[in-house]
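Enquirer: Here's a structure for you.
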Amino acid sequence: MILRTVDWTALRSRDGETSTEGLRERKKRILRQQLSDTATEMFMERGFDAVRVAEIAEACGVSEKTVFNYFPTKEALVLDLGEATLDSLRTILADPDLPPVDAALKILSGELTSITAWLSAQDDPAEAKAVLLRFAMLIRSTPSLRAHQRDTADKQVAVAAEVLARRTGMSPDDPEPQIAATALLALWPVQFRALRKHLHHARTLEELHAAVSSDVQRAAQLIDTGLSSLAYVRP
């Protein structure tokens, strides 16, 4: 049995929880969450390469095949939150009433709020901050996780380019939606680096949220002028 030091489940998106969700869907969502949370805890404790998928399956009381039914790769077990970003890009970025930069900032703000709310929910916020930093170190120190993260980022850029192309009547292969999508998705690593930078310096979680948001908004200002003209560009 895994001894949890923090409640990882509190960081997971609750978008799947709806009043119309059936029992089968709820069970599948909870199992998926359990698999990812358990894997994350084991990877944090022992290292990514030292943990076998079969051990994760055993800890959750399922077969190894079941794990791969939910997650196509071992890396996806720990980097599953990128899928939520993909879903947000497909919906929020597609909103014609939101300029592209405002849409990206809205998604990023929601993700940052989830992190600060998660920190607030922990019994020991200081330890939880240290866990987040160790989690980031786990990714940086594991080549396969870094590669998976790059692949996910490429998918996010492709999805954003498709959405922006539809908004402007262009093709996703046109240079304008491609460069616009690349610029928008560059705000995500800015937020991650800002979070690491301010995590232990902010006195409160409100200050942390404000400091990280300020860094992201400063970066967004640099690309806002160019992206604001995207809607008027036609092939």
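The values are calculated or read from the model by the stated rules, or taken from the named source; none is laboratory data. What you see is a predicted model, and the numbers here were worked out from it, not measured in a lab. Counting neighbours? That spans all protein chains shown, and the Cβs are built from the backbone with ideal geometry, glycine included.
Enquirer: Looking at the range 98-122 only, could you name the residues that are without any contact (Cβ under 8 Å) to a residue 40 or more places away in the chain and acidic (Asp, Glu)?
Expert: Matches in the range 98-122: Asp102 only.
Enquirer: Would you confirm, using the coordinates I've provided, whether Glu206 is crowded, with 19+ Cβ neighbours inside 10 Å and of a type in the set (D, E, K, R)? Outline the logic, then answer.
Expert: Details: crowded, with 19+ Cβ neighbours inside 10 Å: no; of a type in the set (D, E, K, R): yes.
Taking the combined requirement at face value, the residue does not satisfy it.
Enquirer: Which of (1) surrounded by 17 or more Cβ atoms within 10 Å (Cβ to Cβ); (2) touching a residue at least 60 places away in the same chain (Cβ under 8 Å); (3) not assigned by TED's automatic domain parsing to the domain that holds Val163 is the odd one out, the single condition Asp49 does not satisfy?
Expert: Just one mismatch for Asp49, condition (1).
Enquirer: Related question: Out of (1) in contact with a Leu (Cβ under 6 Å, 6 or more places away or on another chain); (2) free of Cβ contacts under 8 Å to residues at least 12 places away in the same chain, the odd one out for Arg203 is which?
Expert: Single failed check for Arg203: (1).
Enquirer: Check Val163, Val190, Val159 and return the single one that is closer than 24 Å to Ala117 by Cα and of a type in the set (Val, Ile, Thr). Working first, answer last.
Expert: Working: Val163 fails: closer than 24 Å to Ala117 by Cα; Val159 fails: closer than 24 Å to Ala117 by Cα.
So the residue among Val163, Val190, Val159 that is closer than 24 Å to Ala117 by Cα and of a type in the set (Val, Ile, Thr) is Val190.
Enquirer: So, of the residues in the range 91-106 that are part of a helix (DSSP H, G or I) and of a type in the set (A, V, I, L, M), which turns out to be farthest from Lys28 (Cα to Cα)? Working first, answer last.
Expert: Initially, the range 91-106 is screened for residues part of a helix (DSSP H, G or I), giving 91, 100-106.
Within this subset, residues satisfying the condition of being of a type in the set (A, V, I, L, M) are 101, 103-105.
Details: Val101: 34, Ala103: 30, Ala104: 30, Leu105: 31 Å.
Result: Val101.
Enquirer: Mind checking which pairs have a first residue in the range 218-232 that is under 20 Å from Glu162 (Cβ atoms) and surrounded by 16 or more Cβ atoms within 10 Å (Cβ to Cβ) and a second that is of a type in the set (S, T, N, Q) and modelled with pLDDT of 80 or more, Cβ under 7 Å, 6 or more apart or different chains?
Expert: As it stands, the answer is Leu230/Thr168, since those pairs meet every condition given.
Enquirer: Val163 versus (1) over 17 Å from the mean Cα position of the chain (by Cα); (2) free of Cβ contacts under 8 Å to residues at least 24 places away in the same chain: which is the lone unmet condition?
Expert: Only one criterion is unmet by Val163, namely (2).
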